[in-house]
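Undergrad: Sharing a structure with you now.
The values are calculated or read from the model by the stated rules, or taken from the named source; none is laboratory data. Note that the structure is a prediction, hence the values are computed from the model and not measured. Glycine gets a Cβ as well: all are built from the backbone with ideal geometry, and neighbour counts include every protein chain shown. SASA here: full protein model, heavy atoms, side chains in, ligands and nucleic acids out. Shrake-Rupley method; radii C 1.70, N 1.55, O 1.52, S 1.80 Å.
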Amino acid sequence: MADPIIYVSARIADAFVKVAGALADGVDPAVRQSDHADAQVNGSLALAKAMGEPPRDVATKILEVAELADVCSNAEVAGPGFINLTFANEFLARELVASSTSAKLGVRSATILRRVVVDYSAPNVAKEMHVGHLRSTVIGDALVRMLMYVGHTVIRENHVGDWGTPFGMLIEHLVDSGEVSTAEELSVGDLDSFYRGARKKFDESEDFQNRARARVVALQSGDVETLRLWKLLVAESTRYFQTIYRTLGVLLQDADVMGESSYNSLLPQVAKRLNEQGLLTTSDGADVVFPSGFTNRENQPLPLIIRKSDGGYNYATSDLACVIDRVERLDASLLLYVVGAPQAQHLQMVAAVAKQAGWLQPPHSMVHVSFGNVLGADRKMLKTRSGDTIKLDALLTEAVERAASAVAEKNPDLSADARSEIARIIGIGAVKYADLSTDRIKDYTFDWDRMLSFDGNTSPYLQYAHARICSIFRRANVDRASVRKITPTIEHPAERELAMRVLQFDSALWDTLDKYSPHRLCTYLYDLTTSFSSFYEQCSVLKADSDDQRRSRLMLCDLTARVIHAGLDLLGIDAPEQM
RNA sequence: GCCCUCGUAGCUCAGGGGAUAGAGCACCGGCCUCCGGAGCCGGUGGCGCAGGUUCGAAUCCUGCCGAGGGCGCCA
C-alpha cells in the first residue's frame with residue numbers, strides 16, 4: 001500500500017546487499033520513474049563503481065538474486081547498466097485495491113509522529129491584508145493540512161503584528177475619530193484608510209507625534225485605558241481577518257492568533273536567560289547577542305538586538321520568546337515559519353541564538369519555509385494601476401466574479417445558487433492553486449487568464465476532471481462506494497498509465513512534505529489528471545466491452561476522483577461534483 | 001563591499017546526480033453518429049557564460065554576467 005516504486009526499492013536494496021555485501025552500504029538503489037519502462041534502477045551503476053566491476057555484469061547479478069517474481073512482469077539490464085522494471089499488472093491491481101480500501105488512499109503515515117507548529121499568515125492589526133499575506137496564508141494552510149494527513153499533531157499559530165511603535169499613532173487616531181466611527185470603519189474592512197489617516201496626521205503634526213509617542217509609553221507600561229483602546233483595534237482587526245480567512249477557506253481561527261503581544265511578559269526572561277549564559281553583551285547602549293557567522297557592511301560582527309538602548313524590546317526578542325514558548329510550553333519539535341524570503345537572515349540569526357542558548361536542541365528544529373514575491377505582468381511587485389498595493393479582499397472578490405462569468409457561460413443550466421457557490425469554489429481555488437503550483441522559493445507572475453484557464457496546470461482543469469468523473473457515476477446510477485473493493489483488470493495502456501499515477505499519490509505527498517513544497521503535489525495532481533483525461537478519451541467506461549471491464553473502469557474512476565479530491569483538499573481547494 | 005535567492009522553448013512554469021530535458025499558452029495540423037469539446041492526439045522550438053567534480057551534470061562545486069533581496073536599535 002505505497003507507491004510501487006517504494007515497494008520495489010526495498011527488494012532491490014536487498015539484492016544489492018546480497019550481491020555486494022558491505023559494499024552496498026550507503027548505495028541508494030535509486031529506483032526512479034522511467035521513460036524506458038515503469039521504473040529504472042540507477043543505483044546499479046553506483047554499486048558497480050563501488051565494487052569495481054563492469055556495470056552490466058553487476059546489474060545481471062542483481063537481477064539473478066532480486067526477488068521480483070510477484071511484482072514485476074519483466075526486468076532487464078539496459079544501456080550502460082541500468083535495470084528496467086515493468087510492474088506486473090496483477091501487482092498494480094492489488095496495490096490499487098489496497099489504496100482504494102485504505103483510509104488515506106495509499107499514503108503512508110509518518111513513522112515518527114511529531115508536534116509541529118506552523119507559523120503563517122501573520123497580518124498586521126489595523127492594516128489591510130494584501131497579496132503578500134496571500135502566499136504565507138495559502139502555503140502555510142496547505143502544509144498544515146498535509147502534515148495532519150500523515151499523522152502529525154499540528155498547532156497553527158498566526159503571529160499577528162499587534163504590538164510596536166505604530167500603535168501609538170493608531171490609538172491616538174482612534175481617540176480622535178471616536179470609537180464608534182472607528183469600529184464601523186474597521187468592520188467594513190477599510191483598514192488601510194484608517195492606517196493612512198493615522199500616518200498622515202503623524203507626518204503632518206508635531207503635536208500628534210508627541211501624543212503618539214506618549215501613547216506608546218502608556219501602552220507599554222500597561223495603562224488600563226490605553227490597553228482597552230488597543231484591544232478594540234485588535235478585536236476589530238482580527239474579526240476582519242476572519243472574514244478573509246472564511247472567504248479564502250483556510251483553517252485559521254481566532255484561537256490560532258498568537259500575536260507578538262502574547263510574548264510581552266516573556267521578554268525580560270529572554271534577556272535574563274541570555275545574560276545568565278553570558279551571551280548578552282552591551283553595544284552602543286543596547287543589549288545584544290553576536291551569533292557567529294553574521295557580519296554587517298563593515299565586516300564587523302552583526303548583532304541580534306535583544307534590548308534597545310531606550311530599554312524597549314524588539315521583534316528579535318519576541319521571536320526568541322516565541323521559540324522558547326513553542327519548544328518548552330507547546331513541546332513542539334518542528335517549528336515551520338512560513339515567512340517571506342527577505343527575513344531569511346533574521347530567522348537564521350534567531351535560530352543561531354536559540355541554538356547557542358540551548359533552547360533549540362535536536363530533535364527540535366526550526367525551518368524557514370520562505371517564498372518569493374507575487375509579480376504583475378510587468379515583472380514587478382503586483383500593484384494596482386495607480387500603484388497601490390492590492391487588497392486581498394478585492395483580489396478574491398475579482399476572482400469569484402471572473403469565475404462566475406465563466407461558469408455562466410459554460411454551464412448556463414445551473415441554478416443561480418449552485419452557480420454562485422461553484423463560482424466561489426473555482427475562483428478561490430484558482431487563486432490558491434496559482435500560488436501553490438509554482439516553486440514557492442521563486443517569485444511568481446500573477447495572471448488572471450492563466451489561472452482561470454481550463455487548460456494547463458490549473459485548479460479548474462483538475463476540478464473539471466473531477467466533475468466529469470462524478471458525472472459518470474450519476475449517469476451510470478452506480479453508488480461510488482460500491483465499486484471500491486473491485487480488483488481492476490489492467491489492460492489498455494491508458495488504464496495502466498492511470499493506475500501507475502494513482503499509486504504515486506503516496507510518494508507525491510511525501511516528496512512535497514520533504515521540501516515543504518506544495519507545488520510538487522500540484523504537479524502530481526496535474527499529471528494524474530492528464531492521465532485520466534487521456535484514459536477517459538480512449539477507454540469507454542459506461543460502454544465498456546464487458547460488465548467486468550465496466551466495473552473495473554468504474555473502480556479506477558472512483559479512485560482517481562478520490563485522489564484528486566483528497567489532493568485538492570490538502571491544498572485547501574474544494575472540488576465540486578458539478579461545475 | 002559582503003551575504004542570500006533566482007536565470008530552462010517567444011511567454012508562464014516543471015524537472016534539482018541517470019539513458020533522447022517535459023507541460024501549458026502562442027503558432028501549425030488532426031479528432032465531435034463520442035460517458036461533460038471547459039476535452040483528446042500530433043508538430044515547430046530551450047538548460048545565461050566558462051571551468052571543475054563524477055562512470056554520468058539542467059541538477060553538485062568555483063568564477064563571471066544578469067535580476068531580485070538582505071546587511072544594529074521598524075516589524
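Undergrad: Leaving ligands, DNA and RNA out of it, report the carbon-plus-sulfur percent of the accessible area of region A:4-87 at a 1.4 Å probe.
TA: On the way: 2060 of 4020 Å².
Percent of accessible area from carbon and sulfur atoms in region A:4-87: 51.
Undergrad: Determine the order of A:90, A:497 by accessible area, beginning with the largest, at a probe radius of 1.4 Å.
TA: Details: A:90 120, A:497 85 Å².
My answer, sorted largest first, is A:90, A:497.
Undergrad: Now for a separate question. Order the following by accessible area, largest value first: A:526, A:464. Probe radius 1.4 Å; ligands, DNA and RNA are ignored.
TA: Per-residue accessible area, sorted high to low, gives A:464, A:526.
Undergrad: How high is the relative contact order of chain A, in percent, counting Cα pairs under 8 Å that sit 6 or more residues apart? Show your work: numbers first, answer last.
TA: On the way: 940 pairs, mean separation 87.6, N = 579.
Computed value for chain A: 15 percent relative contact order.
Undergrad: Stokes-Einstein D for region A:4-87 at 10 °C, 1.306 mPa s, Kirkwood Rh over Cα pairs, in µm²/s?
TA: Details: Rh = 12.2 Å.
Translational diffusion coefficient: 131 µm²/s.
Undergrad: If you don't mind, another one. Using alpha-carbon pairs under 8 Å, 6+ residues apart, how would you state the relative contact order of region A:4-87 in percent? Intermediate results must be reported in sequence, preceding the final value.
TA: On the way: 145 pairs, mean separation 25.5, N = 84.
Relative contact order for region A:4-87 comes out at 30 percent.
Undergrad: Which one of A:10, A:43, A:85 is farthest out on the positive end of the charge dipole of region A:4-87, using unit charges on Cβ (Lys, Arg +1; Asp, Glu -1) and the Cα centre as origin?
TA: Farthest towards the positive pole: A:43.
Undergrad: Another one. Taking a 1.4 Å probe, which of A:83, A:324 shows the most accessible area, and what order do the others take after it? Intermediate values should be presented prior to the final figure.
TA: Details: A:83 0, A:324 20 Å².
The ranking, largest first, comes out as A:324, A:83.
Undergrad: Here's a follow-up. In degrees, nearest 10, range 0 to 90: what is the angle between the Cα axis of helix A:166-177 and the longest Cα principal axis of chain A?
TA: 70 degrees
Undergrad: Follow-up. Round to a whole number: what % of the accessible area of region A:269-324 belongs to carbon and sulfur, probe 1.4 Å? The partial results should precede the final answer.
TA: On the way: 1350 of 3090 Å².
Solvent-exposed carbon and sulfur of region A:269-324 make up 44 percent of the total.
Undergrad: Lysines near residue A:543 by alpha-carbon distance under 28 Å, same-chain residues fewer than 8 away left out - which ones?
TA: Reachable lysines: A:410, A:485.
Undergrad: May I ask you to work out the translational diffusion coefficient for region A:145-185 at 4 °C, viscosity 1.567 mPa s, via Stokes-Einstein with Rh from the Kirkwood sum over Cα pairs, reported in whole µm²/s? Provide the component values of the computation, followed by the final result.
TA: Working: Rh = 13.5 Å.
Diffusion coefficient, whole number: 96 µm²/s.
Undergrad: I would also like to ask the following. Can you spot the aspartates and glutamates whose alpha carbon is less than 16 Å from residue A:308's alpha carbon? Ignore those fewer than 8 places along the same chain.
TA: Within the straight-line limit of under 16 Å, residue A:308 reaches these aspartates and glutamates: A:284, A:287, A:319.
Undergrad: So, one more: Relative to the longest principal axis of the C-alpha atoms of chain A, give the angle of the C-alpha long axis of helix A:505-515, reported between 0 and 90° and rounded to the nearest 10°.
TA: 40 degrees
Undergrad: Okay, moving on. Taking the mean number of other Cβ atoms within 10 Å as a proxy for protection, how do you rank A:205-211, A:408-414 from highest to lowest? Intermediate results must be reported in sequence, preceding the final value.
TA: Details: A:205-211: 13.7, A:408-414: 11.4.
Per-residue Cβ counts within 10 Å, averaged per peptide and sorted highest first, yield A:205-211, A:408-414.
Undergrad: I'm checking a number: the convex hull volume of the Cα atoms of chain A, normalised per residue, in Å³. What is it?
TA: On the way: hull volume 113.0 nm³, N = 579.
It is 195 Å³ per residue.
Undergrad: If you average the alpha carbon positions of region A:70-85 and of region A:329-355, how far apart do those two centres end up, in angstrom?
TA: Each part reduced to its Cα centre gives a spacing of 45 Å.
Undergrad: Based on the mean of other Cβ atoms within 10 Å per residue, sort peptides A:161-167, A:265-271, A:558-564 so the most packed one is first.
TA: So the peptides A:161-167, A:265-271, A:558-564, ranked by packing, come out A:558-564, A:161-167, A:265-271.
Undergrad: Report, in debye and to the nearest 20, how large the dipole of region A:364-447 comes out about its Cα centre when Lys and Arg carry +1 and Asp and Glu carry -1 on their Cβ. Intermediate values should be presented prior to the final figure.
TA: On the way: 12 positive and 13 negative charges, 59 e Å.
Charge dipole of region A:364-447: 280 debye, to the nearest 20.
Undergrad: Could I ask something else about it? With axes computed from alpha carbons, what is the tilt in degrees of helix A:206-220 against the longest principal axis of chain A, rounded to the nearest 10 within 0 to 90?
TA: That works out to roughly 70 degrees.
Undergrad: So, by mean Cβ neighbours within 10 angstrom, what's the order for A:227-237, A:470-480 with the highest one leading? Spell out each step's value before the answer.
TA: Values: A:227-237: 18.5, A:470-480: 13.9.
Peptide ranking by packing, descending: A:227-237, A:470-480.
Undergrad: Take the alpha carbon atoms of region A:493-552, find their center, do the same for region A:396-413, and report the distance between the two centers in whole angstrom.
TA: Centre-to-centre (Cα) distance: 28 Å.
Undergrad: Using the 2.2 N^0.38 Å rule of thumb for compact globular proteins, work out how region A:166-251 stacks up: its C-alpha Rg over that value, please. Working shown, then result.
TA: Details: Rg = 13.7 Å, N = 86, 2.2 N^0.38 = 12.0 Å.
Its radius of gyration relative to the 2.2 N^0.38 Å reference: 1.14.
Undergrad: Right, something else. Between the alpha-carbon centers of region A:203-253 and region A:364-394, tell me the distance in whole angstrom.
TA: 24 Å
Undergrad: Then there is this: What net charge do the residues around residue A:65 carry, taking every other residue with its C-beta under 13 Å from that of residue A:65, with Lys and Arg at +1 and Asp and Glu at -1? Please report the intermediate quantities before stating the final value.
TA: On the way: positive: A:11, A:18, A:61; negative: A:14, A:64, A:67.
That sum, taken over residues with Cβ under 13 Å, equals 0.
Undergrad: Give the lysines reachable from residue A:380 as a straight Cα distance under 19 Å; neighbours fewer than 8 places away on the same chain don't count.
TA: Partners found: A:391, A:442.
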